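Have a look at the structure below before the remarks.
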Amino acid sequence: MNDLFLRACRRQRVERTPVWMMRQAGRYLPEYRAIRAKADFMTMVKTPELAAEVTIQPVDIIGVDAAIIFSDILVVPDAMGMPLEMVESRGPVFRAPIRSRSDVDALNVADPERALRYVMEAIGVTKRSLAGRVPLIGFAGSPWTLATYMIEGSGSKEFKHVARMMLDEPEVLDLLLDKLATGVRLFLEAQIAAGADAVQIFDTWGGFLTPDHYKRFSLDYIFKIVSNLHRDGAPVIIFSKGANHSLIDIAGVGADVVSVDWTADLAEVRNRIGEKVAIQGNLNPSYLYASPEQIRREVRSILRKFGNGSGHIFNLGHGIFPDVPVEHARALIRAVKEESPAFHG
Ligand code: CP3
């Protein structure tokens with residue numbers, strides 16, 4: 001029973017620093033690609049046995065200290081009435097994006113126990129196969145990050161439609177964010193009830209916003225989720241990429257862990273918020289292209305930055321890239337396991 005991850009989330013004593021990687025179940029693993037060759041992405045997500053199998057792959061193959069359920073943040077809009085398509089080499093696409101108040105009104109707040117039943121079933125199957133080997137993380141997108149995909153209709157560089165709506169019709173955006181906050185809260189509660197040991201909120205595009213707009217359109221809705229969440233003891237992690245300007249506010253919403261990207265200095269982050277929350281991060285995912293020797297140096301440097309004692313969960317500052325050699329991912333995990341006991345004397 002490896003509960004290092006949960007103990008670190010609670011800032012309890014650990015013998016070494018736990019480690020997992022965002023997007024750890026994915027294409028850099030040949031074993032993932034073998035399954036993906038036979039089933040499309042949404043079929044894998046919606047088939048509990050397949051989802052459970054790829055969820056457990058990184059535990060078996062590279063030795064991470066936590067599993068994260070194989071799914072996607074965009075299953076929530078899918079359940080609200082916007083069919084999600086994963087288009088090869090383009091990513092997620094919604095054919096009918098949200099552009100007006102009537103589009104928002106037409107969305108249902110999904111009843112996750114019905115519309116997202118397959119996620120809870122995947123969690124059940126995964127928990128049974130893991131049999132306590134490592135904890136299982138559930139997750140959802142932040143309302144803001146989900147809204148960017150729903151309004152743009154796909155991934156975006158310019159955020160043209162969402163910027164227009166935010167500034168010209170903020171009341172429409174607020175209606176959408178409010179619906180999403182309720183849906184996301186219910187979904188996280190359902191995942192915890194199904195057996196998720198912790199939950200992470202992915203706010204991948206929080207860093208698009210100015211600090212004031214970040215608080216107004218992203219963090220306030222994350223606060224709405226966290227402050228109303230029946231978490232049953234499960235730690236809550238917030239990952240707002242590119243929002244290091246608001247660390248103190250993020251640490252104040254009531255989550256247990258704040259996940260930071262590689263532009264933050266972990267010593268500084270610990271100084272500012274380490275009394276309040278555990279800290280997750282923050283290796284630059286591109287550094288995994290370097291040799292295992294250099295990866296180990298970078299691991300040491302991050303462990304030194306955080307310093308002695310508990311309250312650190314080692315992770316990347318964002319998801320692992322699909323063409324990183326598996327050997328390098330394994331080298332990262334091995335380096336954290338071998339180098340970190342010295343920091344927990
Ligand atoms: O972390 C894990 O291993 C669990 C599974 C997981 C996936 N997506 C699987 C996935 C998680 C936690 C996510 C979160 C997610 N999805 C985010 C937030 C985190 C981040 O990376 O920023 C976002 C923004 C999405 C939306 C999304 N899903 C995009 C933009 C894409 C296309 C780009 C890409 O990486 O392929 C996806 C597809 C996706 N989600 C894949 C996987 C394994 C690749 C699908 C494939 O096999 O073709």
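The values are calculated or read from the model by the stated rules, or taken from the named source; none is laboratory data. Note that the coordinates shown come from a computational prediction; the quantities given were computed from them, not determined experimentally. For neighbour counting, all protein chains shown are included, and Cβ atoms are generated from backbone atoms with ideal geometry for every residue, glycine included. Accessible surface is based on the protein model in full, side chains and every heavy atom, while ligands, DNA and RNA are left aside. Shrake-Rupley method; radii C 1.70, N 1.55, O 1.52, S 1.80 Å.
Observations, loosely collected:
- For the chain, share of DSSP beta bridges that run antiparallel, in % to the nearest 5: 15
- For residue 200, nonlocal amide neighbours, meaning residues 5 or more places apart or on other chains whose placed amide H falls under 5 Å from its own, are 138, 139, 140, 237.
- On Cα atoms only, tilt of 143-152 relative to the major axis of the chain in degrees: 50
- Over the chain: helical MRE at 222 nm, DSSP H runs n ≥ 4 each giving -39500 (n - 2.57), nearest 500: -13000 deg cm²/dmol
- Ranking 266, 303, 279 by how far each Cα lies toward the positive end of the dipole of the stretch 163-312 (charges on Cβ) leaves 303 at the top.
- Count Lys and Arg as plus one, Asp and Glu as minus one, and take only other residues whose Cβ is under 12 Å from that of residue 75; the net charge is then 0.
- Of 16, 27, 164, the one that fluctuates the most in a GNM where the chain has Cα springs shorter than 10 Å: 164
- Overall shape: oblate for the stretch 39-278, with the ratio a/c of the largest to smallest alpha carbon gyration tensor axis at 1.5 or above and b/c at least equal to a/b.
- Derived scalar couplings ³J(HN,Hα) [the stretch 114-124; Karplus, 6.51 cos²θ - 1.76 cosθ + 1.60; whole Hz; x for Gly, Pro]: 9, 5, 10, 3, 4, 5, 5, 5, 4, 4, x
- Phi angles across the stretch 195-203 convert, under the Karplus curve 6.51 cos²θ - 1.76 cosθ + 1.60 with θ = phi - 60°, into 3J(HN,Hα) values of x, 4, 8, 7, 9, 10, 9, 8, 10 Hz, Gly and Pro given as x.
- Probe 1.4 Å, protein heavy atoms only - accessible area per residue of the chain in square angstrom: 40
- Accessible surface of the chain, 1.4 Å probe, proportion on carbon and sulfur as whole %: 50
- Where Cα atoms sit under 17 Å apart: lysine pairs in the stretch 39-278 separated by 8 or more or lying on different chains: 5
- Table column - 3J(HN,Hα) (Hz), the stretch 285-294, Karplus curve with 6.51, -1.76, 1.60, x for Gly and Pro: x, 5, 5, 6, 7, 6, 5, x, 5, 5
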